[in-house]
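For reference, the structure discussed in these notes is given below.
All of the numbers you see were taken from the coordinates with simple rules; none came from a lab. Every value quoted in this text rests on a predicted model; they were computed, and no experiment measured them. Please note: Cβ atoms are built from the backbone with ideal geometry, for glycine as well, and neighbour counts cover all protein chains shown.
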Amino acid sequence: MGRLYDMIVIGGGPGGCTAALYAARAGLSVLLLEGGVPGGQMALTGRIDNYPGFPGGIAGFDLAQRMVQQIEEAGAKVLPCQALSLELSANPKAVTTLEGIFRARTLVYAAGAEPRHLGLAGEDTFTGRGVHYCAQCDGMFYRGKTVVVVGGGNTAVSDALLLHRVAKQVHLVHRRDTLRASQVSFGPLLEAENVSFHWNSTPTRLLGGEALTGVILTDTVTGAETELRCDGMFVSIGRTPATELVGSQLSLDQSGYIIAGESTKTAIAGVFAVGDVRTKSLRQIVTALSDGATAASRAEEYLNRNQ
Ligand code: NAP
């Protein structure tokens, strides 16, 4: 058997990086495995304006690089490789990868969640240039402008609520004629003067050159098409949590997130769920950081109790 680590972290987004940082600084031996871009969703974000300490914003990729550099300086080992399977109930816990099997006494699962895409032609090209997936992150770019919000769940409603305070006009586009969101949440939207509803509608084409200038909406009942001019579109149709490795071992909620409270503890002792992949009300960099610090502290307690 190879080296036994105190902690293996799966996922190098802000939550995973913070767990590794705090654990390494507490003297634990830490291995962080990241199968994609270090920094996760954060690294794919052009500019981050809501991370404290960086007036004028910081490129997501740069922030991710700094986090990875910092955890390596703290003594954690960062390995760019994909976890293929996990044995969470084993003692020690085992992670199988193409680079071999790694073992640790605790495991922090921080694999994140990906925003769902509409799957339209040009959607990727327009991402960051009119198409967005996080109103809290990018809504401020649309002060005084016209935006479309797609979706009918609680995320779409809270995004529309945020945007109607910033933008000149908000168009909420939903594929059915009733919202999935709770009534109490969308009441204020119905009263807002700058919000219009497009029921039984879905965007089917994106318009523009360098940046988005509009969308074609298709009526889901009649098939009729209309053009809607806009400066930005927020796709708020939910997220897909990366739980395929743990789904059969940990309990998931109805939306597929790992059930874990603020302690980040899961139902399996020594296994912690951190960041966007766990049940939580606000999925942001700062809330993932908080989870990471909490998980490291709880892992330390666990290791002290289980010498
Ligand atoms: P959600 O509840 O799954 O809603 C997704 C919405 O997007 C639905 O209205 C769905 O339409 C629509 N949709 C899905 N795929 C689509 C597509 N391809 N094209 C067009 N529309 C599409 O997701 P969510 O709003 O992100 O919420 C996720 C969970 O977090 C929910 O449990 C929610 O209650 C919770 N949440 C809570 C709060 C809060 O403040 N309490 C805030 C945000 C989220 P249909 O309705 O037709 O299926």
Around Ala267, which amide H atoms from residues at least 5 apart in sequence, or from another chain, sit under 5 Å from its own amide H, with H modelled in the peptide plane?
-> Ser251
In the chain, which Cys residues have no partner Cys with a Cβ closer than 4.7 Å?
-> Cys17, Cys81, Cys230
Evaluate the distance, in nm, between pseudo-label points positioned 7 Å from the Cα of Ala121 and of Gln136 along their respective Cα→Cβ axes.
-> 3.6 nm
Take the chain, connect every pair of alpha-carbon atoms lying under 10 Å apart with a spring to form a Gaussian network, then pick out the residue of Ala110, Ala23, Ala90 with the largest mean-square fluctuation.
-> Ala90
Could you please rank Cys17, Cys230, Cys81, Cys134, placing first whichever residue has the fewest other Cβ atoms within 10 Å of its Cβ?
-> Cys81, Cys134, Cys230, Cys17
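Plugging the Kirkwood radius over Cα pairs into Stokes-Einstein for the chain, at a temperature of 4 °C and a viscosity of 1.567 mPa s, what D comes out in µm²/s?
Result for D is 63 µm²/s.
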With r as the distance between the Cβ atoms of Thr220 and Gln254 and R0 = 25 Å, compute the FRET efficiency 1/(1 + (r/R0)^6) and round to 0.05.
-> 0.55
Quick one: helix 154-164 against the long Cα principal axis of the chain, what's the angle to the nearest 10°, folded into 0 to 90?
-> 60 degrees
Checked region 249-307 with the C-alpha gyration tensor, a ≥ b ≥ c its square-rooted eigenvalues, rounded below a/c of 1.5, otherwise prolate if a/b is larger than b/c and oblate if not; verdict oblate
Sum -39500 (n - 2.57) across every DSSP H segment of at least 4 residues in the chain, then divide by the residue count to get the 222 nm mean residue ellipticity, nearest 500.
-> -7500 deg cm²/dmol
Cα-derived Rg over Rh, computed across region 176-307 with Rh taken as Kirkwood radius = 1.13
Using a Gaussian network for the chain with springs between C-alpha atoms less than 10 Å apart, which of these wobbles most: Pro115, Pro92, Pro188?
-> Pro188
Please work out the Cα center distance from region 30-68 to region 135-167, rounded to the nearest Å.
-> 23 Å
Quick one: among Ala260, Ala224, Ala192, which has the greatest mean-square fluctuation in a GNM of the chain with alpha-carbon springs under 10 angstrom?
-> Ala224
If we sort 290-297, 53-60 on the protection proxy, mean other Cβ atoms within 10 Å, highest first, what's the order?
-> 290-297, 53-60
Over region 47-117, consider all pairs of different Cα atoms and compute the Kirkwood hydrodynamic radius from their mean reciprocal separation; express it in Å, one decimal.
-> 15.0 Å
Could you work out the longest stretch of the chain that avoids the trypsin sites (Lys or Arg not before Pro) located in DSSP loops with at most 15 other Cβ atoms within 10 Å?
-> 181-307
Between region 263-307 and region 7-23, what's the alpha-carbon centroid distance in Å?
-> 10 Å
Among all stretches of the chain without exposed GluC sites (Glu not before Pro) (DSSP loop, at most 14 other Cβ atoms within 10 Å), which one is longest?
-> 1-98
Roughly what percent of Cα-Cα pairs across region 131-229 reach past 15 Å?
-> 59 percent
Using the alpha-carbon atoms, what tilt in degrees (0 to 90, nearest 10) does helix 285-305 show relative to the longest principal axis of the chain?
-> 20 degrees
